[in-house]
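J.: What follows is a structure written as structure tokens; I'll ask about it next.
The values are calculated or read from the model by the stated rules, or taken from the named source; none is laboratory data. A quick note: this is a predicted structure, and the numbers were derived from the prediction, not measured. Methodologically, a virtual Cβ is constructed for each residue, glycine included, from the backbone with ideal geometry; neighbour enumeration extends over all protein chains shown. Ligands, DNA and RNA are stripped out before the accessible areas are found, and what is left, the full protein with its side chains, is counted by its heavy atoms. Shrake-Rupley method; radii C 1.70, N 1.55, O 1.52, S 1.80 Å.
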Amino acid sequence: MATNPSGQIDSVLTEVRKFEPPAEFSSKAWVKSLAEHQALCKRADDDPEAFWAECARNLDWFKPFDKVLEWKFPFAKWFVGGSLNASYNCLDRHLKGGRRNKAAIIWEGEPGDSRVLTYQMLADEVGRAANALRELGVQEGDRVAIYMPLVPEAAIAMLACARIGAVHSVVFGGFSAEALADRINDAEAKVCITADAGWRRGAHVELKNNVDEALKRCSTIQKVVVLKRVGNKVSMRSGRDVWWDELVARQSPKCPPAQLDSEHMLYTLYTSGTTGKPKGVVHTIGGYLTHTLMTMKWVFDLKEEDTFWCTADIGWVTGHSYTVYGPLAAGATAVMYEGAPNFPHEDRFWRIIEKYGVTIFYTAPTAIRTFIKWGDSWVKDRDLSSLRLLGTVGEPINPEAWIWYRRVIGGDRCPIVDTWWQTETGGIMIAPVPGAIATKPGSATRPLPGVAAEVVTHDGKSVAANQGGLLVIKRPWPGMLRTVFRDPERYRQQYFSQIDGVYFTGDGARRDEDGYFWIMGRVDDVVNVSGHRLGTMEVESALVSHTSVAEAAVVGRPDEMKGQGVVAFVTLEGGRNGNDQLKQELRAHVVKEIGALARPDEIRFTDALPKTRSGKIMRRLLRQIASGDQTLGDTTTLEDLSVLAKLRDDEE
Ligand code: WT7
């Protein structure tokens with residue numbers, strides 16, 4: 001996307017369709033009308049602290065907070081003086097009410113095995129796992145890396161950390177050994193919880209082998225806990241590696257929850273930025289749980305009898321907030337599915353919805369586009385009548401995909417909530433409240449109550465309706481990240497220094513005449529591949545670490561399925577010539593360094609990269625070249641114009 005120097009963005013998308021909330025849905029919803037929504041928002045804007053305090057009181061506190069917010073720009077503390085425990089709020093408090101024997105997690109493995117854990121069963125498992133961590137010497141504040149398949153033990157491990165005040169750092173199972181090692185090292189994790197392997201499209205994902213590989217570069221890990229998932233042969237290093245079954249099964253299910261400060265760290269989760277290595281986004285207990293709990297009600301309109309399925313892996317924030325913490329804090333029944341959507345066939349998701357009677361389904365636009373490609377025939381014989389609400393997250397959804405989702409999956413009956421948020425925001429920020437807000441395909445609609453979102457120029461001035469600009473959040477909110485792990489300066493720099501006095505999201509957006517937000521994608525050097533953020537810098541570093549590569553510049557280009565694809569411009573050492581074999585080698589190298597998600601879709605060898613006189617790579621030009629755009633705009637600062645001509649000549 002092109003931004004001009006003031007931060008204004010040309011916006012081209014126009015979509016006029018509008019869908020009112022179905023009357024039947026509204027009549028039963030938590031928020032029943034636009035008027036009710038407006039009243040909530042007004043209350044929140046008039047007195048944000050009183051509003052959020054009221055929200056926070058939906059949690060169980062061991063000690064009530066005595067101050068709602070302490071805001072020392074840009075550092076926030078929420079619910080100061082209060083103490084609570086996230087696992088207590090997700091488990092124990094439901095045992096006293098009527099939810100003791102309610103299904104907390106309905107899990108299905110890729111091979112077709114399944115398990116149901118009631119709240120009591122889950123609480124017992126979490127208690128055992130928490131005692132196991134204690135036995136391994138894990139203490140309050142210690143970091144525990146979790147590198148697991150999407151099995152119940154992944155959630156159990158997270159909640160076990162939360163129970164004893166340890167900090168989890170979940171690393172997506174699709175990341176490589178290298179990426180895992182970087183994250184373990186940055187967090188200085190003491191224990192790593194993993195599995196022998198996971199299932200993906202009928203094959204093994206070699207998690208334990210990757211851990212062994214990663215730990216060659218890590219010195220802080222003292223113990224590795226290994227869950228037997230697929231039964232493949234793995235090596236166990238004596239003194240370091242222990243089997244989950246042997247360690248956890250013999251523990252007592254009773255483990256008193258640590259009484260933790262509201263601002264105690266709950267977890268860190270690594271996410272990509274524009275420069276340097278991924279940063280550990282830090283979330284703390286009280287604010288994060290308040291935000292995730294409230295959004296279960298506002299956005300997903302969660303009721304006692306719902307069966308909620310968020311398809312995200314727990315390795316991403318979506319899995320943290322809407323598979324584990326949000327649903328469990330709300331006492332919901334959450335579905336978890338381990339494997340690929342097309343195993344053994346392309347109807348797996350629809351079979352799961354049918355089998356368990358899923359009522360709320362939350363997935364990513366990239367998945368929806370894939371379903372469209374696979375064809376309606378996979379859906380038509382499945383009974384999806386249990387569904388009452390659909391959601392999307394991760395990237396802007398194209399109106400065609402939105403309409404298909406509504407018609408084919410939602411039977412023209414279910415509202416769609418397009419939810420905008422980020423790893424950093426902790427929970428959903430902009431989304432329709434489905435009983436109250438009419439939807440427009442492609443728009444995340446309006447900010448939630450208490451969320452002060454705005455579209456501004458680089459100088460922080462509001463832009464007029466339908467003018468593109470930069471998306472900012474003007475007031476702190478409970479779920480916000482507190483810092484970057486051990487790097488408060490980077491936190492300030494990345495989020496609070498670009499536009500005066502406010503949180504900058506990195507996204508471009510416009511607001512239409514009804515006040516609806518249309519997210520236009522990232523304005524920084526971050527690509528969004530299949531709804532996941534990748535820093536172009538990271539891919540560049542991976543490429544440059546290959547002995548043949550002298551310099552690399554990575555940009556995104558529009559991709560019909562994935563949202564954005566990765567294109568790498570590469571110059572080689574010592575004037576070497578590139579060939580197809582080297583391209584393959586470099587692509588494989590990036591997979592090894594980061595993971596399959598980052599694999600470049602295209603590699604272009606070039607003698608030189610277009611640079612400004614000060615030596616900065618002109619990514620805007622590369623982006624335009626990569627997407628085949630002929631109008632390159634202002635090139636007056638380009639150092640060597642012939643570079644550009646050559647790059648364009650090389651286009652296929
Ligand atoms: C970036 C955050 C938060 C969960 C998954 C991704 C993009 C996210 C939407 C949406 C348009 C969206 C933004 C954002 N994004 N949701 N509904 N419409 N764009 O988390 O990896 O932290 O990425 O994803 O660009 O900044 P993440």
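Okay, residues lined up against (1) farther than 27 Å from Ser272 by Cα; (2) at pLDDT below 95; (3) open to solvent by less than 30 Å² (accessible area, probe 1.4 Å); (4) within 13 Å of the ligand (Cβ to nearest atom):
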{"residue": "Leu387", "(1), (2), (3), (4)": "yes, no, yes, no"}
{"residue": "Pro396", "(1), (2), (3), (4)": "no, yes, no, yes"}
{"residue": "Cys414", "(1), (2), (3), (4)": "yes, no, yes, no"}
{"residue": "Val417", "(1), (2), (3), (4)": "no, no, yes, yes"}
{"residue": "Gln422", "(1), (2), (3), (4)": "no, no, yes, yes"}
{"residue": "Gly435", "(1), (2), (3), (4)": "yes, no, yes, no"}
{"residue": "Thr445", "(1), (2), (3), (4)": "no, no, yes, yes"}
{"residue": "Ala452", "(1), (2), (3), (4)": "no, no, yes, no"}
{"residue": "Asp459", "(1), (2), (3), (4)": "no, no, no, no"}
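J.: Same structure, new question: Mind counting the residues in the stretch 204-222 that are farther than 24 Å from Glu110 by Cα and open to solvent by 60 Å² or more (accessible area, probe 1.4 Å)?
T.: We begin by selecting, within the stretch 204-222, every residue farther than 24 Å from Glu110 by Cα; these are 212-222.
Subsequent filtering for residues that are open to solvent by 60 Å² or more (accessible area, probe 1.4 Å) retains 213, 216-217, 219, 222.
Number of matching residues: 5.
J.: Return a yes/no flag: does the stretch 400-410 have any residue that is touching a Ser or Thr at 6+ places or on another chain (Cβ under 6 Å) and within 14 Å of the ligand (Cβ to nearest atom). Let's see the steps before the verdict.
T.: First, the residues of the stretch 400-410 that are touching a Ser or Thr at 6+ places or on another chain (Cβ under 6 Å): none.
Taking every residue of the stretch 400-410 in turn, none turns out to be touching a Ser or Thr at 6+ places or on another chain (Cβ under 6 Å) and within 14 Å of the ligand (Cβ to nearest atom).
J.: Going through Gly391, Gly339 one at a time, which residue ends up being at pLDDT 95 or above, within 23 Å of the chain's Cα centre (by Cα) and within 24 Å of Leu471 (Cβ to Cβ)? Walk me through it before giving the result.
T.: Working: Gly339 fails: within 24 Å of Leu471 (Cβ to Cβ).
That would be Gly391, the only listed residue that is at pLDDT 95 or above, within 23 Å of the chain's Cα centre (by Cα) and within 24 Å of Leu471 (Cβ to Cβ).
J.: If you check every pair at least six apart or on different chains, which have Cβ atoms under 9 Å apart with a residue in the stretch 490-502 that is of a type in the set (Ser, Thr, Tyr) first and a residue that is in a helix (DSSP H, G or I) second?
T.: Matching pairs, first to second residue: Tyr495/Glu424.
J.: Let me ask something additional. Considering each of Val567, Val529 in turn, give the residue that is among the aliphatic types (A, V, I, L, M), away from the ligand (no atom under 14 Å from the Cβ) and surrounded by 19 or more Cβ atoms within 10 Å (Cβ to Cβ). Reasoning before the result, please.
T.: Numbers: Val529 fails: away from the ligand (no atom under 14 Å from the Cβ).
Among Val567, Val529, only Val567 is among the aliphatic types (A, V, I, L, M), away from the ligand (no atom under 14 Å from the Cβ) and surrounded by 19 or more Cβ atoms within 10 Å (Cβ to Cβ).
J.: Regarding Thr439, is this residue among the polar types (S, T, N, Q), crowded, with 23+ Cβ neighbours inside 10 Å and more than 30 Å from Leu387 (Cα to Cα)? Working first, answer last.
T.: Numbers: among the polar types (S, T, N, Q): yes; crowded, with 23+ Cβ neighbours inside 10 Å: yes; more than 30 Å from Leu387 (Cα to Cα): no.
No; evaluated as a whole, the condition is false for this residue.
J.: Next question, about the same structure. Can you tell which of Gly506, Gly515, Gly427, Gly501 is outside any strand (DSSP E or B) and either within 13 Å of the ligand (Cβ to nearest atom) or open to solvent by less than 10 Å² (accessible area, probe 1.4 Å) (or both)?
T.: Details: Gly506 fails: outside any strand (DSSP E or B); Gly515 fails: either within 13 Å of the ligand (Cβ to nearest atom) or open to solvent by less than 10 Å² (accessible area, probe 1.4 Å) (or both); Gly501 fails: either within 13 Å of the ligand (Cβ to nearest atom) or open to solvent by less than 10 Å² (accessible area, probe 1.4 Å) (or both).
On inspection, the qualifying residue turns out to be Gly427.
J.: What strands (runs of 3 or more DSSP E), lying completely within the stretch 49-157, carry at least 1 residues that are without any contact (Cβ under 8 Å) to a residue 24 or more places away in the chain?
T.: Numbers: elements: 67-72, 75-80, 103-108, 114-118, 143-147.
Correct list: 67-72, 114-118.
J.: Which one of the conditions (1) under 30 Å from Trp477 (Cβ atoms); (2) more than 12 Å from the ligand (Cβ to nearest atom); (3) open to solvent by 20 Å² or more (accessible area, probe 1.4 Å) does Val358 fail to meet, given that it meets all the rest?
T.: So Val358 meets the others, but not (3).
J.: Just checking: which of the helices (runs of 4 or more DSSP H) contained wholly in the stretch 272-378 hold 2 or more residues that are free of Cβ contacts under 8 Å to residues at least 60 places away in the same chain?
T.: Counting at least 2 such residues, we get 348-356, 365-374.
J.: Between a first residue in the stretch 171-184 that is part of a loop (DSSP other than H, G, I, E, B) and a second residue that is of a type in the set (D, E, K, R), which pairs have beta carbons less than 8 Å apart while being 6 or more apart in sequence or on different chains?
T.: Taking only residues 6 or more apart or on different chains, the pairs are Val171/Arg183; Phe172/Asp313; Gly173/Asp313; Gly174/Asp313; Ser176/Lys592; Ser176/Glu593.
J.: Check whether at least one residue in the stretch 488-496 is at pLDDT 95 or above, away from the ligand (no atom under 13 Å from the Cβ), under 14 Å from Val455 (Cβ atoms) and surrounded by fewer than 21 Cβ atoms within 10 Å (Cβ to Cβ), and report yes or no.
T.: no
J.: Let me ask something else. Tell me which residues, restricted to the stretch 565-600, are free of Cβ contacts under 8 Å to residues at least 40 places away in the same chain and under 22 Å from Met520 (Cα atoms). Break it down stepwise before answering.
T.: Pass one, the stretch 565-600, residues free of Cβ contacts under 8 Å to residues at least 40 places away in the same chain: 565-566, 568, 570-585, 587-588, 599.
The answer is Gly565, Val566.
J.: Considering each residue of the stretch 209-233, count those that are farther than 18 Å from Ser169 by Cβ and either in contact with a strand residue (DSSP E or B) (Cβ under 7 Å, 6 or more places away or on another chain) or in a strand (DSSP E or B) (or both), and give that number.
T.: Of the residues in that region, 4 qualify.
J.: Scan the stretch 548-564 residue by residue and report those that are farther than 30 Å from Met520 by Cα and either crowded, with 19+ Cβ neighbours inside 10 Å or of a type in the set (A, V, I, L, M) (or both).
T.: Step one: of the stretch 548-564, the residues farther than 30 Å from Met520 by Cα are 548-550.
Of everything in the stretch 548-564, those that are farther than 30 Å from Met520 by Cα and either crowded, with 19+ Cβ neighbours inside 10 Å or of a type in the set (A, V, I, L, M) (or both) turn out to be Val549, Ala550.
J.: Of the numbered conditions (1) closer than 29 Å to Ala187 by Cα; (2) within 15 Å of the ligand (Cβ to nearest atom), Glu338 fails exactly one; give the number of that condition.
T.: Just one mismatch for Glu338, condition (2).
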